[in-house]
């Protein structure tokens, strides 16, 4: 089993003890990723800007693992307010629509009241040998 930890440099990863993503046996598991700009450790107040940054953060993690949005097989959207989901659908469809992954949208409290959206994905590395499905 080959296991590779991918970091974004976010202080949250160190403080909480997790990786932005883990690549293992042809799979990439990207942690729930919010709209924080990790370089500045800032977050925009509105969901559209947060979603845009969260997608940048997810894409960066996928690319570090050797994958992209086209390789995503599952996505989970976690929002603080269901009524904000329509505001970001076009961005989400542009990112994930071509891959048509299995998807779930959940409404829940997030770790920081400033957070409006969190996105978690599972991807299959291009050219990965057939294996048991991801858990």
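Annotations
- Hey, residue 94 under 17 Å from residue 120 (Cα atoms) and in a loop (DSSP other than H, G, I, E, B) or not: no
- Being in contact (Cβ under 8 Å) with a residue 24 or more places away in the chain, in contact with a helix residue (DSSP H, G or I) (Cβ under 9 Å, 6 or more places away or on another chain) and either closer than 25 Å to residue 7 by Cα or surrounded by 13 or more Cβ atoms within 10 Å (Cβ to Cβ) (or both) is true of residue 116.
- Residue check, residue 109 at positive phi and out of contact with any helix residue (DSSP H, G or I) (no Cβ under 6 Å at 6 or more places or on another chain): no
- Look at (1) within 14 Å of residue 118 (Cβ to Cβ); (2) modelled with pLDDT of 95 or more; (3) touching a strand residue (DSSP E or B) at 6+ places or on another chain (Cβ under 7 Å) and you find that residue 31 fails only one, number (2).
- Residue that is modelled with the highest pLDDT [pool: residues in the range 34-44 that are over 13 Å from the mean Cα position of the chain (by Cα) and not in a strand (DSSP E or B)]: 44
- Within the range 70-89, the set of residues being in contact (Cβ under 8 Å) with a residue 40 or more places away in the chain, in a helix (DSSP H, G or I) and either in contact with a helix residue (DSSP H, G or I) (Cβ under 6 Å, 6 or more places away or on another chain) or surrounded by fewer than 19 Cβ atoms within 10 Å (Cβ to Cβ) (or both) comprises 87, 88.
- Members of the range 37-66 found to be free of Cβ contacts under 8 Å to residues at least 60 places away in the same chain and within 23 Å of residue 103 (Cβ to Cβ), listed by number: 48, 49, 52, 53, 56, 57, 59, 60, 61, 63, 64
- Taken as a whole, the range 57-69 holds at least one residue that is in a loop (DSSP other than H, G, I, E, B) and crowded, with 20+ Cβ neighbours inside 10 Å.
- All positions within the range 44-56 that are more than 25 Å from residue 125 (Cβ to Cβ) and surrounded by fewer than 19 Cβ atoms within 10 Å (Cβ to Cβ): 44, 45, 46, 48, 49, 52
- Identity of the residue in the range 1-18, surrounded by fewer than 17 Cβ atoms within 10 Å (Cβ to Cβ) and part of a loop (DSSP other than H, G, I, E, B), that ends up modelled with the highest pLDDT: 2
- Residue 134 assigned to a loop (DSSP other than H, G, I, E, B) and at pLDDT 95 or above: no
- Every residue from the range 19-32 that is surrounded by 21 or more Cβ atoms within 10 Å (Cβ to Cβ) and in contact with a helix residue (DSSP H, G or I) (Cβ under 7 Å, 6 or more places away or on another chain): 20, 21, 23, 28, 30
The values are calculated or read from the model by the stated rules, or taken from the named source; none is laboratory data. Keep in mind that what you see is a predicted model, and the values were worked out from it rather than measured. Note that each Cβ is placed from the backbone with ideal geometry, even for glycine, and that neighbours are counted across all protein chains shown.
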